[in-house]
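The values are calculated or read from the model by the stated rules, or taken from the named source; none is laboratory data. Only a predicted model underlies this, so the values are computations on that prediction, with no experimental measurement involved. Cβ placement follows ideal geometry from the backbone for every residue including glycine, while neighbour counts extend to all protein chains displayed.
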Ligand code: HEC
Ligand code: HEC
Ligand code: HEC
Ligand code: HEC
Ligand code: HEC
Ligand code: HEC
């Protein structure tokens, strides 16, 4: 290729919208086993306590060959038996790690957080979603708080993500309570495989429904991060109820908040959404509303260079073309979806959010910029 053409190509590719980097690469044998047999030994590992230990998967046991001829299950391939290695690379695979069994990865945790604390027994139930293969059922929460509507039973993911997979739910549980369908070899435009299952659950064809989240994923899942180096999420400013309206919110808006609302419905519903009432005074913290550009909120300018906070992030009306005045408050403005070092899976320590104390900053004060002003 001519040098100028090459330069043009490189510059052009920098601006190509990349809705999701999910499309893996690497030698087949590192992830698949054709016969679950090599040199007379069985390869596939299922069960619990599986993870990468250097270049090998250890733990669990052979329970026969697995779906898609894989060498292990979701948890197994996305676990590292270290404390800080959050992208595992056994020779060109770049596997994003969501569970470090050696400790919470304080500096390198990926955007979703990490399941380490939830794996440490019931004392830490509130530090993450209790997920099948990692933690037992939450001892305090026996249903997703804010659950509303739907016909799924108490053995489903709407009550506990630690429930075992059942044929009734297409054998999906745990990780697949949220990443219901995966597409590792093909980019289908689903942000991080966040895909709903529509009603009735799991009927044939549900995989092709439009009920998925869109966004622009950071290529290293925010292992390195900063105000110019992060994920871009989809939000909306259209009032909706989820569930509880005739439109399927996730299918219609494709926002991260409408996704969480599939299990925590009334936490998005504002109570004040009836007719045109959609404003302060709020009864629950609002989500999928525009971040105002006036008053105390005007000091948070996430669209400006250096203005975005990865600690208290926002979504966008158009994540591929983020504009000032189009930032949206979302569930992930305050929570990590997998787990965090704080109760309620918060992105920061809530006990350090003290009104009238100007030595405090970040967290809630990222948006409520004057609430730490000294009296
Ligand atoms: C044998 C290893 C392996 C197994 C098993 C596996 N994954 Fe992955 N997964 C990967 C790799 C590698 C990537 C990174 C792909 C890339 O480079 O973008 C990935 C990426 C992902 C992502 C992030 C997608 C994105 O947009 O960046 C999610 C979510 C995910 N996997 C969930 C799952 C779930 C759920 C299961 C079980 C159904 C599963 N994985 C099973 C290896 C695996
Ligand atoms: C880094 C791990 C990894 C590598 C390397 C890998 N795969 Fe896969 N493959 C997966 C995972 C995980 C799935 C699970 C299903 C899904 O998410 O679509 C899968 C599913 C498949 C499927 C069924 C679903 C589909 O998309 O068609 C085929 C076929 C397949 N792989 C073939 C291959 C071949 C051939 C190679 C080598 C050229 C290869 N894979 C390399 C992880 C891997
Ligand atoms: C498939 C259903 C499902 C989805 C989707 C879901 N959750 Fe949950 N969530 C649950 C269940 C069940 C619990 C209670 C048991 C537990 O904590 O594991 C829960 C608990 C929580 C808790 C309290 C944690 C604790 O243990 O005290 C928070 C916070 C939370 N979810 C936030 C979110 C956010 C943010 C999203 C979107 C990224 C989300 N959830 C999506 C099912 C879901
Ligand atoms: C409660 C819903 C939920 C459950 C359960 C869940 N995830 Fe996720 N996952 C998410 C969300 C939401 C994101 C996107 C986070 C972001 O971009 O800020 C995500 C992101 C990811 C990523 C990309 C890396 C990152 O941190 O952004 C991988 C890989 C992944 N999940 C794998 C898994 C695996 C493996 C499991 C089971 C052990 C699992 N997830 C369970 C909601 C969930
Ligand atoms: C402004 C920050 C913020 C936003 C935005 C937010 N939350 Fe929370 N969430 C919290 C805090 C703080 C708590 C601790 C309990 C409380 O103060 O009510 C919490 C608690 C929770 C709990 C645990 C409730 C329990 O009974 O233990 C769940 C579930 C939850 N949030 C889900 C969500 C979902 C789903 C969304 C989006 C629709 C969301 N949150 C948006 C800050 C937030
Ligand atoms: C991403 C930005 C953002 C973050 C982070 C955030 N908030 Fe908010 N908050 C808002 C917006 C926007 C409103 C609605 C303002 C309006 O209607 O004028 C709001 C409303 C509120 C209200 C109700 C105000 C009313 O007029 O009814 C309270 C109370 C509140 N937030 C407390 C908190 C606390 C506590 C935290 C930290 C746990 C927090 N917020 C984090 C953006 C944020």
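Miscellaneous remarks
- Subset of the stretch 157-181 (residues that are in a loop (DSSP other than H, G, I, E, B) and more than 16 Å from ligand 5 (Cβ to nearest atom)): 163, 164, 165, 166, 170, 171, 172, 173, 174, 180, 181
- Among residues of the stretch 329-365, those that are buried (at least 16 other Cβ atoms within 10 Å of the Cβ), more than 17 Å from the chain's Cα centre (by Cα) and within 11 Å of ligand 5 (Cβ to nearest atom), counted: 3
- The set of residues in the stretch 85-108 being in a loop (DSSP other than H, G, I, E, B) and over 19 Å from residue 342 (Cβ atoms) consists of 85, 89, 90, 91, 92, 93, 94, 97, 101, 102.
- Any hit, the stretch 182-196, residues being out of contact with any strand residue (DSSP E or B) (no Cβ under 9 Å at 6 or more places or on another chain), part of a loop (DSSP other than H, G, I, E, B) and surrounded by 16 or more Cβ atoms within 10 Å (Cβ to Cβ): no
- Test set (1) touching a residue at least 40 places away in the same chain (Cβ under 8 Å); (2) outside any loop (DSSP other than H, G, I, E, B); (3) farther than 26 Å from residue 341 by Cβ - residue 148 fails condition number: (2)
Residues are listed down the side, and each one gets a yes or a no for (1) under 23 Å from residue 308 (Cα atoms); (2) part of a loop (DSSP other than H, G, I, E, B); (3) at pLDDT 95 or above:
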{"site": "220", "(1), (2), (3)": "yes, yes, yes"}
{"site": "239", "(1), (2), (3)": "no, yes, no"}
{"site": "242", "(1), (2), (3)": "no, yes, no"}
{"site": "261", "(1), (2), (3)": "no, no, no"}
{"site": "265", "(1), (2), (3)": "no, no, no"}
{"site": "271", "(1), (2), (3)": "no, yes, no"}
{"site": "279", "(1), (2), (3)": "no, yes, no"}
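- For the stretch 350-362, the count of residues that are more than 30 Å from residue 104 (Cβ to Cβ) and out of contact with any helix residue (DSSP H, G or I) (no Cβ under 7 Å at 6 or more places or on another chain) is nonzero.
- Every residue from the stretch 290-310 that is surrounded by 14 or more Cβ atoms within 10 Å (Cβ to Cβ) and closer than 24 Å to residue 217 by Cβ: 290, 291, 300, 301, 302, 303, 307, 308, 309, 310
- Single condition residue 278 does not satisfy, out of (1) in contact with a helix residue (DSSP H, G or I) (Cβ under 8 Å, 6 or more places away or on another chain); (2) surrounded by 13 or more Cβ atoms within 10 Å (Cβ to Cβ): (1)
- Enumeration of residues in the stretch 34-78 that are assigned to a strand (DSSP E or B) and within 16 Å of ligand 3 (Cβ to nearest atom): none
- The stretch 155-169, subset more than 13 Å from residue 131 (Cβ to Cβ) and buried (at least 20 other Cβ atoms within 10 Å of the Cβ), residue nearest to ligand 1 (Cβ to nearest atom): 169
- Count of the stretch 179-197 residues, restricted to those that are in contact with a helix residue (DSSP H, G or I) (Cβ under 8 Å, 6 or more places away or on another chain) and more than 14 Å from ligand 2 (Cβ to nearest atom), is 3.
- Candidates 159, 127, 191, filtered to the one that is within 14 Å of ligand 4 (Cβ to nearest atom), under 25 Å from residue 269 (Cα atoms) and without any contact (Cβ under 8 Å) to a residue 24 or more places away in the chain: 159
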